[in-house]
1. May I ask for the Rg/Rh ratio of region C:77-134, computed from Cα atoms with Rh as the Kirkwood radius, given to two decimals?
2. For chain C, just say rounded, prolate or oblate: build the C-alpha gyration tensor, square-root its eigenvalues into a ≥ b ≥ c, call rounded for a/c under 1.5, and beyond that prolate if a/b exceeds b/c, oblate if not.
3. Can you pull the one-decimal nm distance between simple spin-label points at A:R47 and B:I101, each 7 Å off the Cα toward Cβ?
4. Set the Förster distance to 35 Å, then compute FRET efficiency between A:A30 and A:I6 from the Cβ-Cβ distance, nearest 0.05.
5. Can you work out the Karplus-derived ³J(HN,Hα) for every residue in region B:45-57? Use 6.51 cos²θ - 1.76 cosθ + 1.60 with θ = phi - 60°, whole Hz, and x for glycine or proline.
6. Pop the C-beta distance of C:V39 and B:K15 into the FRET formula with R0 = 35 Å and round what comes out to the nearest 0.05.
7. Based on DSSP, what percent of beta bridges with both residues in the protein assembly as shown are antiparallel, to the nearest 5?
8. For region B:150-244, state which GluC sites (Glu not before Pro) are in a DSSP loop and have at most 12 other beta carbons lying within 10 Å of their beta carbon.
Amino acid sequence: MTIKRIRFMQELLTFFGLEGRLHLEWISSAEAQKYVQVVTDFTEKIRQMGPNPLKKIDAAVKGAI
Amino acid sequence: MNLIDQVEQLFIQDKIDIFLGYKALDGHLLPHGFTRDRMEELKALQVSEGRYSLEKIATHLTEKHPDIRIGMIARECNLRTLNLLYTWKQLNPENIETINISCCPSPLKPHSDCSYLEPKQTGAYKKTHGIDFNADPDTFLDDFNNKNRFSRWMYEFNKCIKCYGCRNICPVCFCDECSLEHASLVEPGTLPVDVPIFHLIRATHMAGRCIDCGLCEDACPMDIPLRLLYRQVNAIVSDIFDYRPGNGTDQSPFTIIGEKTVLEPKPMDAQLEGEKEYGL
Amino acid sequence: MDCKFVPAVCSYCGTGCGVLFEVIDGKINATLPMKSHPVNHGKLCIKGWNLHEYINSYMRLKTPLIKEDGRFQKATWDEAIGHAAVKFNQIKDQFGPDAIGVLVSAKITNEENYLAQKFTRAVIGTNNVDHCARL
Ligand code: SF4
Ligand code: SF4
Ligand code: SF4
Ligand code: SF4
């Protein structure tokens, strides 16, 4: 069910224009290596995408008030 | 048998206590509750081009009179809504009689009363900066890249005046406590509204629930293409969960409402509570 | 049991959107936008959507009130208008007509607005009259 729910959120965010910013992975407590790999890869991916565009807008709105 | 005779029969056979239809008043076709005490009014019963959510009125009547038997005019969209309201126990199917009027455009039936026969017009500026009302979710995804989609949705959402019209008019928004009024999600009393949270909350809630009647988009004073958003959300639900709201009466596997809902009167009117509090 | 829909005009602002009151058993239960109304074409702002709340509010004034000894007392319209007239005259005699100002509203008709400025200029005798649409 969680897989399906996350897929729903991913597709909704894609439609809205925030593609690729949500990731789900099953990692058992024994798979330390995989955990490190997944987190590093995802962090790298997000770094390349740049900051969340919503942040900029939030700051602009706060600045205006 | 014509519409009026059918309704008369329902009253004569004692199948209903009230019939929800339309009646002209000063040149406007408005919803009206026809009752047995005033049978002469039935002569004025009509079908209207403008669609009001008769189901929502039926839920209000049921809140006041739990056992009332209601008859109503039902188009395709009304029937889908009714199925959904039965599913979530907001109405009891045993207390509802419908007189079905087919109006969705189909090759067999060129005439239709549905206001959706004429597509909505989208202005030039909206086409270049926002989103075309008549866009198809798939072509929208193909035509624009991620960044472009984001800026177009933000352009649309930022116009929102937080009138809550989309929720108020929606026949399947029936929660006692609405997340859109939850202070930790949507800050009360400020504009612009929290974008895109406000709209994405509603989009998520409409997953497995919205029956695509289009009333919300009609009621939106800021012309936000809400139907497109909810259509895509339900396309996703249909892909992943193989569920289409309103087609039958089984509950959606994807929902935020929780497993159980009950048919019980909503909290008492503010008036009564206030009167109690102030001992009036 | 009875359920009817009564068309009306929103009383909150000068736009004048068409609303429909859902009346169940003689009590206004909800407000809907009127789809065929030429002003709003089935749309409302948040104030219009919540019209029924103030109509049914327990805090709503149903009779005029006059403050006596620091407490509001229920009064009739004749008493209230008489009381206001006496007080206006007192202020006018004591401080002159320019001590009084009149603010009128976009929610009353053109004719009523005209009357209000006439009353201000000709009866009270001051030019202190303004309109909410100009503030
Ligand atoms: S189209 Fe809009 S009003 Fe109709 S069910 Fe969906 S969300 Fe509600
Ligand atoms: S479905 Fe969501 S938006 Fe609609 S009434 Fe419930 S909480 Fe509010
Ligand atoms: S109807 Fe439109 S403007 Fe009003 S709250 Fe909904 S999205 Fe915003
Ligand atoms: S619904 Fe809003 S815009 Fe329309 S008349 Fe009322 S207050 Fe004015």
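1. Working: Rg = 12.1 Å, Rh = 12.2 Å.
Value, to two decimals: 1.00.
2. In terms of gyration-tensor shape, oblate.
3. Output for this residue pair reads 6.4 nm.
4. On the way: r = 23 Å, r/R0 = 0.65.
It comes to 0.95.
5. These are the phi-based 3J(HN,Hα) values: 4, 9, 9, 10, 6, x, 9, 10, 7, 5, 5, 5, 4 Hz.
6. Between C:V39 and B:K15 the formula returns 0.30.
7. DSSP beta bridges in the protein assembly as shown are roughly 70 percent antiparallel.
8. Working: sites: B:E156, B:E177, B:E181, B:E217; in loops: B:E177.
When the GluC sites (Glu not before Pro) of region B:150-244 are filtered for loop state and at most 12 Cβ neighbours within 10 Å, B:E177 remain.
Here, each number is a calculation from the coordinates, and none is a lab measurement. Every value quoted in this text rests on a predicted model; they were computed, and no experiment measured them. Glycine also receives a Cβ, built like all others from the backbone with ideal geometry; neighbour counts cover every protein chain displayed.
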